[in-house]
Amino acid sequence: MDYLLAIYSEPLFWLFPVASTVIGIVAFQFWALPMTWLAWKDFPSLRSYRIQGRQIDVAFWIKASYRKMAFNYSVGFIGIVLSWPLLRYSGVHAGPLPAWYVIIGQLLFFLLLDDFLYYWMHRGMHTRWLFKHVHAVHHRVRTPCAIAGNYLHWFEYLATISLLLAGPVVVGAHVAVIWLWVVIRQLEAAHGHCGYDLPWDLSRYLPLYDGASYHDFHHGRFKGNFAGALGYIDKWFGTRSAGYADYEARRKQGATPAQAWSGNNEQAS
């Protein structure tokens, strides 16, 4: 008992699992709520930029997502607290910050590793048993809005947290770098479910990132586009969603997202 009291009194316990969890919860709200508000207001001038061209039932998903998040955040916190006796040996530290270029390199490594691992986890979630008992919860979200980015079965939520921590644990990152990574990862979760492919969205100019339409297609098609954000992984393994390449081609030809989605459906039918 004295041993447990000692390790759970360590400053790093509060800086690593506790602070990272709180920052993750706050960061997701920070990113998701403005995007969800945009969908809730349903501005007529932006309707053509809905990726699937369909009305999003925002009020329903706000209520459902917060119920799910309340449970998942509780389970996640319990899980990370119980993991502390192992996590404390990971090399994660609160010592001197590394050089700026090391921080950038680590963040890029975290992003690439997380997305690669997420691809295989997500693809595995589409096997018959796991889809029926776990991943089908998230696929109730057919036409996404940002707040539904954390609408998950508790097991999938725990698995996602584990992947998020893989990179920091491997390199023994500074806690501040982990906090920054958590904020970035929650932005990815919210943006990938925002439901809009807006013309001023600068994310499309990021290397390897296809924007919100990439994951939205996975929800609309149920299969393919298994990577979280970086489409090159699905290109490598031939698992792009049916019609996604045609959607992208139509967008480059000047079609709005709604037109590209509609034309894609007509071609698929």
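Can you give the convex hull volume per residue for the Cα atoms of segment 154-225, as a whole number of Å³?
124
Which whole number in µm²/s is D for the chain by Stokes-Einstein, with the Kirkwood Rh taken over Cα pairs at 37 °C and 0.692 mPa s?
Taking Rh from Cα pairs, D becomes 169 µm²/s.
Semi-axes of segment 81-129's equivalent ellipsoid from the Cα gyration tensor, sqrt of 5 times each eigenvalue, largest first, rounded to whole Å?
One finds semi-axes of 29, 19, 5 Å for segment 81-129.
Could you let me know the centre-to-centre spacing of segment 154-188 and segment 70-118, using Cα atoms, in angstrom?
Computed from Cα coordinates, the inter-centre distance equals 4 Å.
Can you tally the net charge around Ala136? Count Lys and Arg as +1, Asp and Glu as -1, for every other residue whose Cβ sits under 12 Å from the Cβ of Ala136.
Net local charge, Ala136 excluded: +3.
When the gyration tensor of segment 197-240 is built from Cα positions, what are the square roots of 5 times its three eigenvalues, in whole Å, from largest to smallest?
18, 13, 6
Please sort 201-213, 228-240 by packing, taking for each peptide the average over its residues of neighbouring beta carbons within 10 angstrom, highest first.
Per-residue Cβ counts within 10 Å, averaged per peptide and sorted highest first, yield 228-240, 201-213.
Quick check: the distance between the Cα centres of segment 228-250 and segment 1-55, to the nearest angstrom?
Comparing the Cα centres of segment 228-250 and segment 1-55, I get a distance of 27 Å.
Could you run the Debye sum over the Cα atoms of segment 17-91, one equal point scatterer each and no solvent, and tell me log10 of I(q)/I(0) at q = 0.11, 0.13, 0.20, 0.23 Å⁻¹, two decimals?
Those come out to -0.44, -0.56, -0.91, -1.06, one per q.
For the peptides 109-122, 35-48, what is the packing order when you average, over each peptide's residues, the other Cβ atoms within 10 Å and list the highest mean first?
109-122, 35-48
Can you tell me the mean projection area, over all orientations, of the convex hull of segment 122-172's alpha carbons? Units nm², please.
4.2
Where does each of Arg50, Arg250 land when they are ordered by accessible area, with a 1.4 Å probe and the largest first?
Arg250, Arg50
List the pair-distance distribution P(r) of segment 92-225, using every Cα-Cα distance, as the percent of pairs falling in each 10 Å bin from 0 up to the bin containing the longest distance, rounded to whole percents.
Using 10 Å bins, I get a P(r) of 11, 40, 33, 14, 2 for segment 92-225.
Tell me the angle of helix 19-41 to the major Cα principal axis of the chain, expressed in degrees between 0 and 90 and rounded to the nearest ten.
20
Leaving ligands, DNA and RNA out of it, report the carbon-plus-sulfur percent of the accessible area of segment 65-153 at a 1.4 Å probe.
71
Going through the cross-link list Lys41/Lys68; Lys68/Lys223; Lys68/Lys252; Lys41/Lys235; Lys41/Lys223; Lys63/Lys132, which pairs have a Cα-Cα distance over 32 Å in this structure?
From Lys41/Lys68; Lys68/Lys223; Lys68/Lys252; Lys41/Lys235; Lys41/Lys223; Lys63/Lys132, over 32 Å: Lys68/Lys252; Lys41/Lys235.
Using the Cα gyration tensor of segment 15-157, with a ≥ b ≥ c the square roots of its eigenvalues, what is the shape: rounded (a/c below 1.5), prolate (a/b larger than b/c) or oblate (neither)?
prolate
Can you tell me the relative contact order of the chain? Whole percent, Cα pairs under 8 Å, sequence separation 6 or more.
Normalised by residue count, the contact order of the chain is 28 percent.
The values are calculated or read from the model by the stated rules, or taken from the named source; none is laboratory data. The structure presented is a predicted model; accordingly, all values stated were derived computationally and were not measured. Note that we place each Cβ from the backbone using ideal geometry, even for glycine, and neighbour counts take in every protein chain shown. Only protein heavy atoms, including side chains, enter the accessible area calculation; ligands, DNA and RNA are left aside. Shrake-Rupley method; radii C 1.70, N 1.55, O 1.52, S 1.80 Å.
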